[in-house]
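Novice: First the structure, which I've put down as structure tokens, then a few questions once you've had a look.
The values are calculated or read from the model by the stated rules, or taken from the named source; none is laboratory data. Computed from a predicted model, the values in this text were never measured in an experiment. We place every Cβ from the backbone using ideal geometry, glycine too, and count neighbours over all the protein chains shown. These accessible areas exclude ligands, DNA and RNA; they are computed on the full protein's heavy atoms, side chains included. Shrake-Rupley method; radii C 1.70, N 1.55, O 1.52, S 1.80 Å.
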Amino acid sequence: MLDPEIEAALNDQINFEQTAAQEYLAMAAHFERRNLKGFAAFMKAQSFEERDHAMRLFDHVFSRGGCVKLGSIIEPQSEFASPKAVFDAAYSREQANTRAIHDLYGLADDKNDYPTQTMLQWFITEQVEEEEWCQEAVTLLEMAGDNKSALLMLDRRYGEQAEKG
Ligand code: FEO
């Protein structure tokens, strides 16, 4: 049986992941509008990943006899000053998500909820990867600066990355 406090925290995390999915889709739309199709494909893939994260939590709640209650999702930011600003926002989001996952793990630890801790270990590893690609993109876009050729090269690179999955 799922502890009510953990059930509520897992529901909050589902909302957090769904919010991230919406934000990444808005970032994809931002890039589509500018014909930066590679970055757009990359952000679409991130959006699908976030939806998948929400579903992992969704399935865990029901497999433990809990219940999912979906909340509303606030309108995401849709305009950004530059491609780097988009990835800066993604990085902030992922850092906040890492904190949320760690807090959730801490709560599961306090409550001796071993199955939730085991399930969250996947997320802890995933967050390391998520922060890594954000940091890399921010650094590369910083280096590219106002150089349009470099930007187009990065657009192609991120498009290829999205295709590989
Ligand atoms: Fe679901 Fe990007 O973490």
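Novice: Which of the residues spanning region 23-37 are more than 12 Å from the ligand (Cβ to nearest atom) and farther than 18 Å from GLU163 by Cα?
Specialist: ALA26, HIS30, ARG33, ARG34
Novice: Name every residue in region 75-90 that is under 16 Å from MET143 (Cβ atoms) and surrounded by fewer than 18 Cβ atoms within 10 Å (Cβ to Cβ), in order of residue number.
Specialist: Matches in region 75-90: SER82, ALA85.
Novice: Quick check on my filter: what residues within region 10-46 are surrounded by fewer than 19 Cβ atoms within 10 Å (Cβ to Cβ) and within 19 Å of LEU70 (Cα to Cα)?
Specialist: ASP12, ASN15, GLN22
Novice: Based on what the data block shows, is GLY66 in contact with a Gly (Cβ under 7 Å, 6 or more places away or on another chain), surrounded by 13 or more Cβ atoms within 10 Å (Cβ to Cβ), touching a residue at least 12 places away in the same chain (Cβ under 8 Å) and small (Gly, Ala, Ser)?
Specialist: Numbers: in contact with a Gly (Cβ under 7 Å, 6 or more places away or on another chain): no; surrounded by 13 or more Cβ atoms within 10 Å (Cβ to Cβ): yes; touching a residue at least 12 places away in the same chain (Cβ under 8 Å): yes; small (Gly, Ala, Ser): yes.
No: the conditions fail for GLY66.
Novice: Check region 107-120 and report whether any residue there is at pLDDT 95 or above, away from the ligand (no atom under 16 Å from the Cβ) and touching a Gly at 6+ places or on another chain (Cβ under 7 Å).
Specialist: Within region 107-120 (the criterion being at pLDDT 95 or above, away from the ligand (no atom under 16 Å from the Cβ) and touching a Gly at 6+ places or on another chain (Cβ under 7 Å)), the answer is no, since none of the residues qualifies.
Novice: Now for a separate question. Identify, please: which residue in region 113-139 is among the aliphatic types (A, V, I, L, M) and in contact with a Phe, Trp or Tyr (Cβ under 9 Å, 6 or more places away or on another chain) and is, among those, surrounded by the most Cβ atoms within 10 Å (Cβ to Cβ)? Talk me through it step by step, then tell me what you get.
Specialist: Of region 113-139, the ones among the aliphatic types (A, V, I, L, M) are 119-120, 124, 128, 137-138.
So of that shortlist, the ones also in contact with a Phe, Trp or Tyr (Cβ under 9 Å, 6 or more places away or on another chain) come out as 120, 124, 137-138.
On the way: LEU120: 25, ILE124: 14, ALA137: 23, VAL138: 17.
Looking at residues that are among the aliphatic types (A, V, I, L, M) and in contact with a Phe, Trp or Tyr (Cβ under 9 Å, 6 or more places away or on another chain), I get LEU120.
Novice: Sticking with this structure for a sec: Identify the residue in region 38-94 that is part of a loop (DSSP other than H, G, I, E, B), more than 26 Å from PRO4 (Cβ to Cβ) and of a type in the set (Ser, Thr, Tyr) and, among all such residues, is farthest from the ligand (Cβ to nearest atom). Show your work before the answer.
Specialist: To start, the set of residues in region 38-94 that are part of a loop (DSSP other than H, G, I, E, B) comprises 64-82.
If we keep only those that are more than 26 Å from PRO4 (Cβ to Cβ) too, we end up with 75-82.
Imposing the further condition that a residue be of a type in the set (Ser, Thr, Tyr) reduces the set to 78, 82.
On the way: SER78: 19, SER82: 21 Å.
That would be SER82.
Novice: Report every pair of residues separated by at least 6 positions or lying on different chains whose Cβ atoms are under 6 Å apart, first residue within region 48-60 and farther than 14 Å from GLN127 by Cβ, second outside any helix (DSSP H, G or I).
Specialist: That search, which allows pairs on different chains as well, returns PHE58/VAL68.
Novice: May I ask you to list pairs of residues, at least six apart or on different chains, whose Cβ atoms are under 6 Å apart, with the first in region 18-36 being over 18 Å from ARG93 (Cα atoms) and the second being open to solvent by 10 Å² or more (accessible area, probe 1.4 Å)?
Specialist: That search, which allows pairs on different chains as well, returns LEU36/ASP155.
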